[in-house]
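Here the structure is laid out as structure tokens; the discussion comes afterwards.
Coordinate-derived values only; no laboratory data. Only a predicted model underlies this, so the values are computations on that prediction, with no experimental measurement involved. Note: ideal-geometry Cβ built from the backbone for every residue, glycine included; neighbour counts use all protein chains shown.
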Amino acid sequence: MLLTDEMRVSADHRAALEAARGEFAPEVIFLNSATLGLPPRRSLLALRDALDDWSSGRTDAPAYDLVVERARTAFAKLVSVDADRVAVGSQVSVFAGLIAASLPDGAEVLTAAQDFTSVLFPFHVQAARGVTVREVPLERIADAVTAGTALVAVSAVQSSDGRVVDFDALTQACAATGTRIMLDTTQAIGWLPVDASRFAYTVCGGYKWLLNPRGTAFMTLQPALLDSVTPHFAGWYAGADRWNSIYGAPLRLAADARRFDISPAWHAWVGAAPSMELLNEVGTEALHEHAVSLTNRFRAGIGLPPRNSAIVSTIADEDVPELMRAAGIVGASRAGRLRLSFHVSNTAEDVDRAIEVFSGHLRS
């Protein structure tokens, strides 16, 4: 039977997915990428080599720029923008804080109720200059946008329970009022396709679905907004020529999004670049199909309807913690509920074992 182009792509993605899965070796059934992603073998090897160089005294500091740029390029590909629109840093709240500080006095910010605090707190601390934060249920956020809303700050995927924002409804509502959007993609990029060019700003922590070491984060900006955000944390790494920007005035920042770069924790980026290159090899559509199909297999097995998310949140009875320990299943407790998440390292066998263990112990 001849493969059509569509079937050939699907076959290639399946092969890449199988190859990628072979790079993970968990000793448990790991259903917790929403908390902390597993590193692939290639990232561990790169880190070990870097640590050997460090301990032997062979480290060349400027050489770390190469892995930072590899990571920036890999992330840009995952979110469908050019690399010059991506800034690198360490924490989402740092980038969210820059955006919050750029708002005019008295601005209204619209957020989702009970969103992750790294999305909320940077805006609440602007209250002294009249910035107000209005919270509404996630499902009503597009309808709640008004002409007086300066910015919508919301997570693409809710950390607590995996609900996904309606991108089309939100962007249409904001386009009608001239409202900008800051989308936190921390719980999305790595399994959910997101075109960052659709949003004024995106921020993303790398240590979950991107499988990075902790201490990596990204921000994207639409090109027209570069001059509207002040790089309050500018240091030598934000310089137009980094290694000639380490002493003295005048100010000489990069012309593109690199002006917002935060000096990197080098070894975190050594592990970051290979992880995101692996995800790009599989492809965002295949990652999405894999994660959602496994999640819905689990949902069906415990009697829940399907949903377009890689995260499951359920009420667990008092027996579940011990059942998980005995079976070697790793998940998380968030907002008083059991949270499980399914990613590239997981298999149908993982799902079926989890269904067997949890049978009769979970409810919506």
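What share of Cα pairs, in percent, lie more than 13 angstrom apart in region 295-348?
Details: 905 of 1431 pairs.
Result: 63 percent of Cα pairs exceed 13 Å.
Residue separation of E349 and R307 scaled by 0.36 nm, minus their Cα-Cα distance, works out to 13.1 nm of gained length.
Please compute the net charge surrounding L338, taking Lys and Arg as +1 and Asp and Glu as -1 over other residues with Cβ under 11 Å from its Cβ. Net local charge, L338 excluded: +2.
Annotation for R58 and T230: the two label points, set 7 Å from Cα along the Cα-Cβ direction, are 4.6 nm apart. The D143 and A265 beta-carbon pair, evaluated with R₀ = 51 Å, returns a calculated FRET efficiency of approximately 0.80.
For region 215-364, the equivalent ellipsoid derived from the Cα gyration tensor has semi-axes of 44, 16, 15 Å, listed largest first.
Which FRET efficiency, nearest 0.05, do D82 and S359 yield, Cβ-Cβ r, R0 45 Å?
With R0 = 45 Å, the Cβ-Cβ based efficiency is 0.40.
Taking the helices alone, the chain has a mean residue ellipticity at 222 nm of -11500 deg cm²/dmol, built from -39,500 (n - 2.57) per DSSP H run of at least 4 residues and averaged over all its residues. Taking only the C-alpha atoms of region 44-105, the Rg (one decimal) and the largest Cα-Cα distance, Dmax (whole number), read 16.0, 52 Å.
In this structure the amide hydrogen of G37, modeled in the peptide plane, comes within under 5 Å of the amide hydrogens of K208, L211, none closer than 5 places in sequence on its chain. With viscosity set to 1.002 mPa s and temperature to 20 °C, compute the Stokes-Einstein D of the chain, Rh being the Kirkwood radius across alpha carbon pairs; µm²/s, no decimals. Answer from the Stokes-Einstein relation: 99 µm²/s.
Rg and Dmax of region 1-136, based on Cα coordinates, read 21.4, 68 Å. A simple packing score, the average count of other Cβ atoms within 10 Å per residue, orders the peptides 309-320, 223-234 as 309-320, 223-234, with the highest score first.
Here is the tail figure for region 176-286: Cα pairs spaced more than 25 Å apart come to 31 percent of all pairs.
Backbone amide hydrogens, once placed in the peptide plane, bring I29 within less than 5 Å of I329, V330, excluding anything fewer than 5 places away on its chain. In summary, region 155-201 shows an alpha-carbon radius of gyration equal to 1.13 times the 2.2 N^0.38 Å reference for compact globular proteins. Each listed q (0.14 Å⁻¹) maps to a log10 I(q)/I(0) for region 122-192 from the Debye sum over equal C-alpha point scatterers, namely -0.45. In this label model, A113 and R48 are separated by 5.0 nm, measuring between points 7 Å along each Cα→Cβ vector.
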